[in-house]
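Please treat every number below as a calculation from the coordinates, not as lab data. All values reported here derive from a predicted model rather than from experimental measurement. Positions of Cβ are generated from backbone atoms using ideal geometry, with glycine treated the same way; all protein chains shown enter the neighbour counts.
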């Protein structure tokens, strides 16, 4: 007889190796009969290569429990004592699970919870890209956070079912992804305590997933949250963890992400030389990054985003002219649909102009933020930046007409938001 392709297909769908299936069958036998099973990887191999097409009753019972279907759908034949009635395949009999004739009271298959496979993982992951795209367009908002947590709940429900080690790790990675999206939305909204709680949960899920890219995302968001909290030592620690992560060691793009976060931390800790060195390293490593497939969430990061972050670092280091140049470079490349990112870079451009003693031009520049974000909610993080600009402008040019017009404009925009 030839290979059992039906069984092989079901095992591939669930991500099971021969050893894992044997272990799952033995656990099923323990549940059915109350005695430890003796299924080995050799038993599974014989089922796969076709040398065994009619397993004994208890093995059939275990197979049906693991896969949630009659053994006939696995390319196998059951003993006559446990043949399923053809006229009603949904309502199945309890199994006769022992070759000695001992009856085992098994749960009817119609009431069992189906095992989870990689097709379920793919289906559960589909929502992540939609949430990332919504964030790219609008920035973080409460609906985005709620939808991400709904996605996580669905993934964690799948985690309660039977699954192979590979599938289980993939589900933990998805749980980390969804939770990190919720955390990022809260960071953008400046709901920092909730963001911290979500990131703590993300770190746990990412560790259980053993997925380097997922772990990298959590560290980057940890650094972002610490930046928003103005906790510069914690920002540095998170950036160092990101830079030393397996993902950063393997992929220059992830390495660049970590190094630019190091540069931000050093700048705000008052070490401009270390900040410049880390920024240069981030630029160098980004040039080495290829176009290999990466998670959708990394799409925001490239030369444009690096230039935007460089503008922040240079503004902090007191190099406003260079910061202005970097902000212009960022805006030349940030896609128009990335409204939030374009608005943030515009804030940095205005800040650089203000610090060079040109408050009127800076005011004209920062006013563009409202046009860029037209139709999209103004994230709390952006409101904070605009508030900082507002205070600096009124300190430098409090009695000018353009400063008064700006104050009126911001009051009007905030009241409509």
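Residue exposure proxy: 121, 167, ordered by other Cβ atoms within 10 angstrom of their Cβ from fewest to most, comes out as 121, 167.
Relative to the longest principal axis of the Cα atoms of the chain, helix 165-189 runs at roughly 20 degrees. Remark: the residue 54-residue 12 segment gains 13.0 nm on full extension, using 0.36 nm per residue and subtracting the alpha carbon distance. Going by alpha carbons, how many degrees (0 to 90, nearest 10) lie between the helix axis of 339-355 and the longest principal axis of the chain? Its long axis makes an angle of about 30 degrees. Contact order for the chain, expressed relative to its length and based on alpha carbon pairs under 8 Å spaced 6+ residues apart, stands at 10 percent.
List the relative contact order of segment 272-398 as a percent without decimals, with contacts defined as Cα pairs under 8 Å and 6+ residues apart. Working shown, then result.
Values: 114 pairs, mean separation 22.9, N = 127.
Here the relative contact order equals 18 percent.
Per residue, the convex hull spanned by the Cα atoms of segment 215-356 measures out at 101 cubic angstrom.
Here the relative contact order of segment 344-417, from alpha carbon pairs under 8 Å that lie six or more residues apart, stands at 32 percent. Segment 349-415 and segment 18-77 have their alpha-carbon centroids 69 Å apart.
Along its first, second and third principal axes, ordered by size, the chain spans 96, 43, 33 Å in Cα coordinates.
Per residue, how much space in cubic angstrom lies within the convex hull of the C-alpha atoms of segment 120-210? Kindly include the intermediate steps, with their values, before the conclusion.
Values: hull volume 6.9 nm³, N = 91.
Residue-normalised Cα hull volume stands at 76 Å³.
The calculated FRET efficiency for residue 360 paired with residue 123, based on their beta-carbon distance and R0 = 41 Å, is about 0.15. Per residue, the convex hull around the alpha carbon atoms of segment 144-187 comes to 42 Å³.
Per the helix-only calculation at 222 nm, which mean residue ellipticity applies to the chain, given -39500 (n - 2.57) for every DSSP H run of n ≥ 4 and division by its residues, nearest 500 deg cm²/dmol? If you can, show how the numbers build up before the last one.
On the way: 19 runs with 288 residues, N = 417.
The per-residue figure over the chain is -22500 deg cm²/dmol.
Subtracting the Cα-Cα distance of residue 401 and residue 321 from 0.36 nm times their residue separation leaves 26.3 nm of extension gain.
For the peptides 50-56, 398-404, the ranking by mean Cβ contacts within 10 Å, running from highest to lowest, is 50-56, 398-404.
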